[in-house]
Each structure stands twice: as C-alpha cells, then as structure tokens.
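Take a look at the structure set out below.
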Amino acid sequence: MYPKDKYTIEVFALCYNEEHILQAFIDHYKNNFNATITFFDNHSTDNSLSIIKENGCNYESYDSDNTMDERYLLQIKNNCWKNSKADFVIVCDTDEFLEIPTDIEGCTIIKTRGFDMIGELDSRLGVYNEIYSKRIMFSPKHIQEINYTAGCHYCSPVGKIVENKVHALMLHRKYISEQHIIDRYQSFSHRNSKYNRDAGFCLHYDQKRESIIGNMFQYLRNNAQII
C-alpha cells in the first residue's frame, strides 16, 4: 500500500471550466497523497475558481487569448514544477486520477498503466489505453527535465531514472456521460487555436457528432472491466 504520509507531494494541474470534476480531483489527491495542489487556470468562466479557493488550493492564471493552445500547455507542464522542494510532483489534467498500489521508495519517476474510465467519478469500470499510461509523477530532486511532447502522453526525462516495479494506475475520468462529452468537445472545438489546427493538435475535438461519441461509449461499455 502507498504510504500517503511518507512523501511530500505537490500536484500541478491545468484548469479550464472544470467545476464538474474539481471537488473529486481535490479530494482524491488530498486524501490519498496528502498533497499540496496548484491549479493553472485559463480564465475559467464557471465556478472553478470558487471551488479551488474554498478548498485552500493555490492557483495561477494564464492567458492564451481565449484559445486552447498546445504551446502554453507544454510550457506550463514542462516547467511549473522546477522550483518544487517536494519529494515528488504530479503534473496532470483534472481528469487524471493517479493510484499507487505499493511503496515507491528509491523511485524517481512512476510508470503507469492508463485506463479510460466510464461512468460517474467513482466508477471502477475502465478499458486499458496505452496513450494514457503517462509519466505524471516524478521526483524534482532527480529529474532535471521532463520534456513532455504534444498532449503530454509521452516524455523524455533527463536525470536519474529509477522506475517502480509495479505499475501505478492512471485513471482517465473523462467519459462521464455521452452528453458530457458532446458538450465538452463542442466547447473545446470552438477554442482550438489556429496553431493547434495547423499542427494537427486536438483535432479530435472537432469530432463532436453524436454518432462518433456514441460509438466510443458503446466500445467502452462492451470492453470495460473492473479496475
């Protein structure tokens, strides 16, 4: 079992209109990791900031011209943790819930198995997804650069690399309901920057037709297992 009080943990998370998931995210990382949490907010227009403040979390705002632009996201994730004095940092999105089954003594970067979870935020039903097997937790004392690539699914860390033997779980809690995804994709498609489109980033948000999303949910329902 992961000893939540053995290590100091700082969580750094991106935020834009995440009121639907913020409380669950904050509770997860405070209860399971005793973590300090900092959100980088992209001028949310919902109740996100109130939830962040009410829970005693830190926040910083950043401006991207009201667009979703991968350059800003990479800049933040590749650098926001560098002044941390914690034993470990977790650099993630608000729909990424890390679970560690064992102690990680001696490790400097945590390898994971990623799962797309389906259903409400406490669901244990999921489907393995290799691209969500992200390295989101690592030691800032031993890793000098994390070098995430677009989407932050992959990285090329620089420093002392010691991985855990037992994979942690990276639970991607995005697929809450079909209507939730339809609404989110529509919102993100409207905000996708010219830079992203020219580079071919985040184009899946344009696939907001109900039939495509419905097919994805049917696939998850047919293949989900208890995680």
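Just a few scattered comments:
- Note on His142 and Asn34: the extension gain reaches 36.8 nm, defined as 0.36 nm multiplied by sequence separation minus the Cα-Cα distance.
- Integer Hz, Karplus 6.51/-1.76/1.60 couplings in order for segment 57-62, x for Gly and Pro: 8, 8, 8, 10, 9, 9
- Extended-chain gain in nm, criterion 0.36 nm per residue less alpha-carbon gap, His43 and Arg221: 60.6 nm
- Averaging the sequence gap over all C-alpha pairs within less than 8 Å and six or more residues apart, then dividing by the number of residues, gives the chain a relative contact order of 21 percent.
- Taking one quarter of the surface of the convex hull spanned by the alpha-carbon atoms of segment 1-124 gives a direction-averaged projected area of 8.2 nm².
- Descending semi-axes in Å of the chain, equivalent ellipsoid built from Cα gyration tensor: 26, 21, 18
- Over the chain, dividing the summed -39,500 (n - 2.57) contributions of all DSSP H runs of at least 4 residues by the number of residues returns a 222 nm mean residue ellipticity of -8500 deg cm²/dmol.
- A straight chain from Ser211 to Val158 at 0.36 nm per residue would run longer than the Cα-Cα distance by 14.8 nm.
- When you filter the chymotrypsin sites (Phe, Trp or Tyr not before Pro) in segment 77-162 for DSSP loop state and at most 14 other Cβ atoms inside 10 Å of their Cβ, you are left with Tyr154.
Rule-based calculations on the coordinates, nothing more; no lab input. All of these numbers come straight from a predicted model, not from anything done at the bench. Note: ideal-geometry Cβ built from the backbone for every residue, glycine included; neighbour counts use all protein chains shown.
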